[in-house]
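Everything below concerns the one structure shown next.
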Amino acid sequence: MMEYTNKYWNMIMPLLKKSLKRRYGKEYTSALIKKADLEYRDMLNRADDIGKDNPMASNTYECLLFLAVWKAADGKISTDDLREITREVLATPFLKLMGLFINANKQSGIRKIGTMMHKDAEWLEEHPQYKEFSWDFNFDEKKHKDGFYYHFTQCPLNTFARREGYLEVLPVMCDIDHMTAALMHAKLYREQTLAGDGTCCDYWFVGDKVQDPK
């Protein structure tokens, strides 16, 4: 199980609540959030432990929050609805501040992305007890001339979704990778995902102004 923390709930739910209220009204949204809170805690209890302090853990906490809301809605929120809600949450102005710190159109920005991912991988090497369930990092800095590339062949979100029956909605969570890339002035080129029955989830980040990347 993943240790419960309200950190991500308190950060994301106000943004999510705003989107839900606009679509479904205040009364329904209030009831839905109460139900989703219980569902969220239950999901964390069933999720594989990748380490609360794992720098990649935010992906699990945030993804399960969206899945909990979708599950609690009991069919009222479609997969397409959830995709639009997710986009609205990530379009929040303060999240765009990321672009002030990381600009993938500059070599310094690409280096920052690489440094960030290598640090995440180093944390896992220092905490091998979580390797069985966490993301595995595979870097290939010679694969492309432009940008930064890596891939995973193991993803705890994919494992959870397949085991718990959320595979139909997991691609919505995978789409967040593209939205996050845009916040960094990057474009994510991707050929496959584990959620789509691929052999890996590949990430090739390139500045969004780069033409015909190699």
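Bear in mind that the values in this text are calculations on the coordinates, not laboratory data. If you're wondering where the values come from, they're calculated on a predicted model, not measured in any experiment. For neighbour counting, all protein chains shown are included, and Cβ atoms are generated from backbone atoms with ideal geometry for every residue, glycine included.
GluC sites (Glu not before Pro), restricted to the stretch 112-214: which are DSSP loop and have at most 13 other Cβ atoms within 10 Å? List each step's numbers first, then the result.
Numbers: sites: Glu122, Glu125, Glu126, Glu132, Glu141, Glu164, Glu168, Glu191; in loops: Glu132, Glu141, Glu168, Glu191.
Listed in order of number, the matching sites are Glu132, Glu141, Glu168, Glu191.
Which net charge results for the neighbourhood of Thr159, defined as the other residues with beta-carbon distances under 15 angstrom from its beta-carbon, given Lys and Arg at +1 and Asp and Glu at -1?
Working: positive: Arg46, Lys131, Arg162, Arg163; negative: Asp48, Asp49, Glu132, Asp136, Glu164, Asp197.
After counting each charged neighbour, the total is -2.
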* Given Lys35/Lys71; Lys18/Lys52; Lys7/Lys119; Lys7/Lys71; Lys17/Lys76, which pairs have Cα atoms separated by over 18 Å? -> Lys18/Lys52; Lys7/Lys119; Lys7/Lys71
* To do: Using a 10 angstrom cutoff on alpha carbons, build the Gaussian network for the chain and name the most mobile of Tyr28, Tyr40, Tyr166.
  => Tyr28
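Below 11 angstrom from the Cβ of Leu170, what's the summed charge of the other residues (Lys, Arg +1; Asp, Glu -1)? Please list the in-between numbers first.
Details: positive: Arg162; negative: Glu164, Glu168, Asp175.
Value of the local net charge: -2.
Listing Val206, Val169 from the residue with the fewest other Cβ atoms within 10 Å to the one with the most, what is the order?
Ranked by crowding around the Cβ, least crowded first: Val169, Val206.
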* Which of the listed residues, His118, Ile12, Tyr203, is farthest toward the dipole's positive end in the chain, when Lys, Arg count +1 and Asp, Glu count -1 at the beta-carbon? -> Ile12
* To do: Using only Cα atoms, tell me the angle between helix 79-90 and the longest principal axis of the chain; keep it within 0 to 90° and round to the nearest 10.
  => 70 degrees
* Gaussian network model of the chain, Cα within-10 Å springs - most flexible of Gly75, Gly198, Gly147 -> Gly75
* Asked: So how strong a dipole does the stretch 2-157 carry about its Cα centre when Lys and Arg Cβ are +1 and Asp and Glu Cβ are -1, to the nearest 20 debye?
  -> 900 debye
* Structure fact -> Longest principal axis of the chain (C-alpha) makes with the long axis of helix 57-72 (C-alpha) an angle, in degrees to the nearest 10, of 30 degrees
* Assuming R0 = 25 Å, what is the FRET efficiency of Glu122 and Glu191, from their Cβ-Cβ distance, to the nearest 0.05? -> 0.40
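About the Cα centre of the stretch 46-133, what is the dipole size in debye to 20, counting +1 per Lys and Arg Cβ and -1 per Asp and Glu Cβ, all else neutral? Mind dumping the intermediate values first?
Numbers: 12 positive and 14 negative charges, 87 e Å.
So the magnitude is around 420 debye.
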* Structure fact -> Note: Lys76 to Arg111 extended length (0.36 nm per residue) minus current alpha-carbon separation gives 8.3 nm
* Whole-Å distance, taken between Cα centres, linking the stretch 162-214 and the stretch 1-56 -> 23 Å
* Angle between the Cα long axis of helix 170-183 and the longest principal axis of the chain, 0 to 90 degrees, nearest 10? -> 50 degrees
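Over the stretch 7-207, what is the relative contact order in whole percent, taking alpha-carbon pairs under 8 Å and six or more residues apart?
So the answer I get is 21 percent.
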